[in-house]
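Novice: Sending over a structure as structure tokens; questions will come in a sec.
The values are calculated or read from the model by the stated rules, or taken from the named source; none is laboratory data. Predicted model only: the values in this text are computed from it and were never measured. Cβ coordinates were reconstructed from backbone atoms using ideal geometry, including for glycine residues, and neighbour counts include every protein chain displayed. The area values use the complete protein model at the heavy-atom level, side chains included, leaving out ligands, DNA and RNA. Shrake-Rupley method; radii C 1.70, N 1.55, O 1.52, S 1.80 Å.
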Amino acid sequence: MLTTVFKCLLLALVPWPGAGDYTVTIHPEYLAQGGRTHFEADRWNGHNGLDGSAYISKNKAIGTESGRWLNSDLNGDRFRNAPEDPHRKGYADPKYFNNPKFEEAAAGTFLNNLKGYGFDLDMVMELKGSYWPHWMNTSLHRGNFPNNLDAGAEMVLLLLEAVSRHTGGHIPPYFEVINEPGTLWQSVDWDTMVNYHRIVAGKLKKKFPKLKVGGPTNTGYIANSDYHDFSLWKRLQQFMDMSLDHMDFFSFHAYNRFHKEGNSYEWSGINEARLVAVIDLIESYAWHKKGRSVPLMVSEFGLGGDNVKTHTQSNFNEWAFAFAHNAQMFTYQNFRGDMDRAIAFLLSKSQNFAGASLFRQDHSYTHTAKAFQFWHHFNYNQQFLRVDSVFDGKERQVSPLALADPHSQTVYVLLHNYQQSATHVKINFDKQWTHATLAKSTCFYFNSHQTPVLVNDQTITLTNNMFTLPAEASCYVTIKSGHNFASIPTLQEHTYYSNEMVIPVKGHDVDTTVTIPSLGHVHYARLRVAVSAVHRTAHTKPKNVHVNGHTLTSSYTLYAPGKQYADTLWDVYVYNVPGNILKQHSNAVRLEFNQFVGHVSSVALVTAITSGGTGIVG
């Protein structure tokens, strides 16, 4: 859907007398994913890069902190200038690293960040894969990677030991072995890369048992895991065969893009559907291999492609960076049981990534900074409530979340509008557990003056519970509910995957099975099906879907724009499943297609039970 960029948006949030374009239903029930109900800001408020002293207090004021120590912060020359150990040929000299000058040069900025943000800073450290000393034998890899993987891993260990000494025992709690190793594909074969990750993880975890080591830190191309008959995914499977035993988390990058035609534009890249399809692909494989989920980390996300490297800042580019950030944040919060953390590819200041910068030359905030300002209000005092979208058979273009602060009895309804037009949302409280007429809204959007705005705490009237959501806006509605949350139940959401994945489909039906070890009392259930097709004209939605012989009739589709810019279709369908048709242990799923050729990449069955139920949390 292409539309004019400089369109007129609604500046006032006016009530709407009729039925809403969308309805979201809020239930008086806490919803736990991964056993957690609280909003945990430190999992989501990080940005990339260590910060200079001038930016730390300003970043804290808008609710962000340094979340990732980039290889550029280290300066690769300090690493590659290490001399050879005269007593151990092919290995770096430990004396070079065990030197106060090296320690200060390597870790001084990190220590300043610890002092400014707090020594409990949840930071990720990563290294580049091509910074190696000239004396190190790299002949097998075109001069870009060591032949002796143990010697390369030993240098990484020496570096972290130097960091630990300089900071009094503090190192980043998370470590990514190589940033975007796929960029070395012409020099280093994948078997070597997988083995190197295993060796590094072993050395680091032996020395620093609490350190969490992960990878493969794949580029945003992971959104295309279904390309070429899932060829990229097959490489990631090989990595997981190792990492599920030897590493602590699986990391990747997630980027959106936009395409401009004159004054019109459209989004593409890792849209909501592709992001969820990737999450389910990874978790489904972990389920098959180990019977458990694997913590996921997105260590770079946001707007990528040519736009990210623009050297000029503009209102539109800054809005686009903030919009892409918020769009993905809604998905991460809806999958917070799988996502351990996500770190925005936004930086305090960068000449090469101007639109992604949080500050201008005079240290004033850019409009991009509104991405963090929007989420700054949310904290650990608030807990997630169950919220449902309508199963209307259509693509869901408004993503909802809901939080409650039990101390102030306040409810926050969060809404993200993917559409390039305003829409009307009915906020429905299940069985009228609370009522709202007056409320306050906070909205981030691109206004009619072509300026990104964050309108805070605007008093609104919710006539018939209707709220007008501006085009491509992120909003939250604050409602004083007066409800006593002390006695509401907590639902535990669990995800179970079918016994098959990446199932080829050639015009036939798909039969698979989902095993639920222990069922409990099911409050609700959902079936999530991801389908990939090579031909863009293909109809990916199954003709009929059955669970245990019962036909599912209610569904919606996750948002998937920019299909004309992708080589495949990759759609995700969510079906409502009556809880009483599910069985403990084996549940039969049948997907009927009409002359479809492609793959069912994953089948996930999600159940919600009261606290104390058993099962594998996903």
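Novice: Work out Dmax and Rg for region 374-499 from the C-alpha atoms and quote the Rg first, both in angstrom.
Specialist: In order Rg, Dmax, the Cα atoms of region 374-499 give 15.7, 53 Å.
Novice: Now for a different question. Which net charge results for the neighbourhood of Leu491, defined as the other residues with beta-carbon distances under 10 angstrom from its beta-carbon, given Lys and Arg at +1 and Asp and Glu at -1?
Specialist: In short, -1.
Novice: What is the diffusion coefficient of region 281-426 in µm²/s, taking the Kirkwood radius over Cα pairs and the Stokes-Einstein relation at 20 °C with a viscosity of 1.002 mPa s?
Specialist: Diffusion coefficient, whole number: 123 µm²/s.
Novice: Label-point separation (nm) for Ser408 and His134, each offset 7 Å from Cα along Cα-to-Cβ?
Specialist: It works out to 6.1 nm between the two label points.
Novice: Let me ask another. Run the helix sum for the chain: -39,500 (n - 2.57) per DSSP H stretch of 4+ residues, divided by residue count, reported at 222 nm to the nearest 500 deg cm²/dmol.
Specialist: One gets -7000 deg cm²/dmol as the mean residue ellipticity at 222 nm.
Novice: Here is a follow-up. Could you list the square roots of 5 times each eigenvalue of the Cα gyration tensor of region 101-214, that is, the equivalent ellipsoid semi-axes, sorted largest first and rounded to whole Å?
Specialist: Those come to 27, 15, 13 Å.
Novice: Further question on the same structure: How far is helix 100-117 tilted, in degrees, relative to the longest principal axis of the Cα atoms in the chain, given as a value from 0 to 90 rounded to the nearest 10?
Specialist: It is inclined by approximately 20 degrees.
Novice: Please compute the per residue accessible area over region 118-181 with all protein chains in place, 1.4 Å probe, rounded to a whole number of Å².
Specialist: 35 Å²
Novice: Given the peptides 443-452, 295-304, 179-188, arrange them by the average over their residues of other C-beta atoms within 10 Å, most packed first.
Specialist: Listed from highest to lowest mean packing, they are 295-304, 443-452, 179-188.
Novice: Something else: Can you put Asp122, Asp280 in order of accessible area, largest first, using a 1.4 Å probe?
Specialist: Sorted descending by solvent-accessible area, the residues read Asp122, Asp280.
Novice: Next question. Which is farthest toward the positive dipole end of the chain among Asn587, Gly549, Tyr55, measuring Cα position about the Cα centre, with Cβ charges +1 (Lys, Arg) and -1 (Asp, Glu)?
Specialist: Most positive-ward Cα: Tyr55.
Novice: Add +1 for every Lys or Arg and -1 for every Asp or Glu among the other residues with Cβ under 10 Å from the Cβ of Asn179, and state the total.
Specialist: Net charge around Asn179: -2.
Novice: Run the paramagnetic zone check for Ser586: 7 angstrom along Cα to Cβ, then residues of region 494-527 with backbone nitrogen under 17 Å.
Specialist: Zone members listed by number: 497-500, 511-519.
Novice: Please give the residues of region 418-436, grouped as numeric ranges, whose backbone N is less than 19 Å from a label point set 7 Å along the Cα-to-Cβ vector of Thr461.
Specialist: Once the point is set 7 Å along Cα→Cβ of Thr461, 424-427, 435-436 turn out to lie under 19 Å by backbone N, inside region 418-436.
Novice: Same structure again: Going down the table (Lys212/Lys290; Lys234/Lys290; Lys260/Lys563; Lys203/Lys234), which pairs top 21 Å between alpha carbons?
Specialist: Table pairs above 21 Å Cα-Cα are Lys203/Lys234.
Novice: Now for a separate question. Going highest first, how would you order 160-166, 281-287 by mean Cβ packing within 10 Å?
Specialist: In descending order of packing, they fall as 281-287, 160-166.
Novice: For the pair Ala54 and Gln450, what calculated FRET efficiency results from E = 1/(1 + (r/R0)^6), where r is the Cβ-Cβ distance and R0 = 22 Å, to the nearest 0.05?
Specialist: Given R0 = 22 Å and the Cβ-Cβ separation, E is 0.15.
Novice: At 0.36 nm per residue, minus the direct Cα-Cα distance, what do Gln595 and Ser264 gain on full extension? Give it in nm, one decimal, please.
Specialist: 115.6 nm
Novice: Round to the nearest 0.05 the FRET efficiency obtained for Ala61 and His508 when R0 = 56 Å and r is the Cβ-Cβ distance.
Specialist: With a Förster radius of 56 Å, E is 0.45.
Novice: For an R0 of 41 angstrom, estimate the FRET efficiency from the Cβ-Cβ distance between Met242 and Arg78 and round to the nearest 0.05.
Specialist: 0.90
Novice: Taking just the C-alpha trace of the chain, give me its Rg and Dmax in Å.
Specialist: Cα radius of gyration and Dmax of the chain are 24.6, 82 Å respectively.
Novice: OK, next. As I understand it, the dipole of the chain uses +1 on the Cβ of Lys and Arg and -1 on the Cβ of Asp and Glu, about the Cα centre. Which of Gln186, Val572, Asn71 lies farthest toward its positive end?
Specialist: Final value for the positive-end residue is Asn71.
Novice: If I compute solvent accessible area with a 1.4 Å probe over the protein chains, what percent of it on the chain is carbon and sulfur?
Specialist: That share works out to 48 percent.
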